[in-house]
Amino acid sequence: MRSLYISIYSEFYKSRKTLAFWASILLPLIICSLITFGFYSSSEKILNLHQPPMILWLRYISAALGVMGILILPFYVIFMAFSVNNIEHKNDTWKSLFAQPLNKFSIYAAKYIFAVILIFLSLFLFCSLTFAFGHLLQLLVQKFNFNQYDPSMILIKFYTKLFLSSLGILSIQFILSLLWGDFLKPMGIGFVGTIMGIIAGNVGWKYAYLIPYSHPSLVLSGSKAAANPSNFPIFTHEIYSSLIYASVLFILGYFIVTKKSIK
C-alpha cells in the first residue's frame, strides 16, 4: 500500500503542470460558466416558456451534458490517457521507472488510478458547478424557479453513470498509449472510435453497448428516455460492458508495460 501511495504521489508531482491535469479543472469551469451566461442572457425567453422547476433544471443540466458527455468527455479521456504515459515516453524513463525499489504493479496501477482520479475530478466539478451555478442564476434572475426543486439525485446519477461509462474508453486508450509513444496513433484510433460510438449510440443499434466509445452516448440517450430522470438505473448494459472492458484491459496493460520496461 505504501508503494502504491508513493507511486500515485509521484504521478501527481510529474503531471501537476500538464495540460491534462489543468483541463480536468478548467473544462468544467469554462463550460458551466458559458452555459450559465447563456441562460442569464436569454432569461427573458426562458421565463416566457413558464417551465416547471424540474424541467428548467433538466434543460440547464442537459445543456452541459450535451456538450460534455458526448464529445468532450471521450476526447478528454483519450488525451489524458496519452498524457499520463507520454511523460515516460518523452523522457525515455520506462526502464528507470521500473528500476525503482517499488512494487512493479503499484507503479503501473498508480498511473491508471491517477488517470481515473483526473476523470473523477473533472466530472465531480461538472456536477458541483452545475448545481452551484444553477443557484447562482436564481440569485441573478429571481424570477427563475431553480430554488423550487432539488436536482441533486439527477446530477449524481447522471455523472456517476458518465464516470463509469468512461472507464472502458480509458482502458483502451491507456493500452494504446503504452504501445505507442507518438500522439497520432492513439489519438487517431480514439477519434475514429468516438465517431463510431456516437453513431452507433444515436441510431439505437442494439449491440452498441459492446463498443466502449458509445457508452457515454448510450448513458445520455437512455437517461433522456426515462419517464422520471431521477429514477433511471445506474447499472445498465453499457455500464456493465464498460466495467468488464476496464477490468480485462487493466490486467492486460500490466503485462504489456512490464514487458516494455525490460526492453
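The values are calculated or read from the model by the stated rules, or taken from the named source; none is laboratory data. These numbers come from a predicted model, not from an experiment. With ideal geometry, Cβ positions are generated from the backbone for all residues, glycine too; neighbour counts draw on all protein chains shown.
Within the range 209-249, restricting attention to residues that are of a type in the set (Gly, Ala, Ser) and modelled with pLDDT of 90 or more, which residue is farthest from Gln173 (Cα to Cα)?
Of the residues in the range 209-249, the ones of a type in the set (Gly, Ala, Ser) are 214, 217, 221-223, 225-227, 230, 241-242, 246-247.
From what is left, the residues that are modelled with pLDDT of 90 or more are 214, 241-242, 246-247.
Numbers: Ser214: 14, Ser241: 16, Ser242: 13, Ala246: 11, Ser247: 14 Å.
Going through the qualifying residues, I end up with Ser241.
Test Ile35 against the criterion of being among the aliphatic types (A, V, I, L, M), more than 28 Å from Phe114 (Cβ to Cβ), surrounded by 13 or more Cβ atoms within 10 Å (Cβ to Cβ) and without any contact (Cβ under 8 Å) to a residue 40 or more places away in the chain, and give yes or no. Taking the combined requirement at face value, the residue does not satisfy it.
Got a sec? Which helices (runs of 4 or more DSSP H) wholly within the range 1-80 have at least 2 residues that are within 17 Å of Phe131 (Cα to Cα), of a type in the set (A, V, I, L, M) and in contact with a helix residue (DSSP H, G or I) (Cβ under 8 Å, 6 or more places away or on another chain)?
On the way: elements: 2-15, 19-41, 43-47, 53-67.
Qualifying helices (runs of 4 or more DSSP H): 19-41, 53-67.
The residue that is farthest from Ile169 (Cα to Cα), among those in the range 38-65 that are exposed (fewer than 14 other Cβ atoms within 10 Å of the Cβ) and in contact (Cβ under 8 Å) with a residue 24 or more places away in the chain, is Pro52. Within the range 96-109, not a single residue is modelled with pLDDT of 90 or more and in a helix (DSSP H, G or I). State which residue pairs qualify: first residue of a type outside the set (Lys, Arg) and inside the range 149-172, second residue not in a helix (DSSP H, G or I) in any location, beta carbons under 7 Å apart, and separation of 6 or more residues or different chains. Final answer for the pair search is Thr160/Ile234.
With Phe144, Phe133 as the choices, which residue is under 26 Å from Asn231 (Cα atoms), more than 14 Å from the chain's Cα centre (by Cα) and not in a helix (DSSP H, G or I)?
Values: Phe133 fails: not in a helix (DSSP H, G or I).
Checking each option against the conditions leaves just Phe144.
May I ask you to verify whether Lys111 is touching a residue at least 60 places away in the same chain (Cβ under 8 Å), surrounded by fewer than 16 Cβ atoms within 10 Å (Cβ to Cβ) and of a type in the set (D, E, K, R)? For Lys111, the condition - touching a residue at least 60 places away in the same chain (Cβ under 8 Å), surrounded by fewer than 16 Cβ atoms within 10 Å (Cβ to Cβ) and of a type in the set (D, E, K, R) - is not met. For the range 167-188, a tally of residues being surrounded by 17 or more Cβ atoms within 10 Å (Cβ to Cβ), within 21 Å of Ile87 (Cβ to Cβ) and small (Gly, Ala, Ser) returns 2. Just one of (1) part of a helix (DSSP H, G or I); (2) among the small types (Gly, Ala, Ser); (3) closer than 21 Å to Ile87 by Cα fails for Gly193. It is (3). Please specify each residue of the range 155-166 satisfying the condition of being under 30 Å from Ser41 (Cβ atoms) and buried (at least 21 other Cβ atoms within 10 Å of the Cβ). Matches in the range 155-166: Leu155, Phe158, Tyr159, Leu162.
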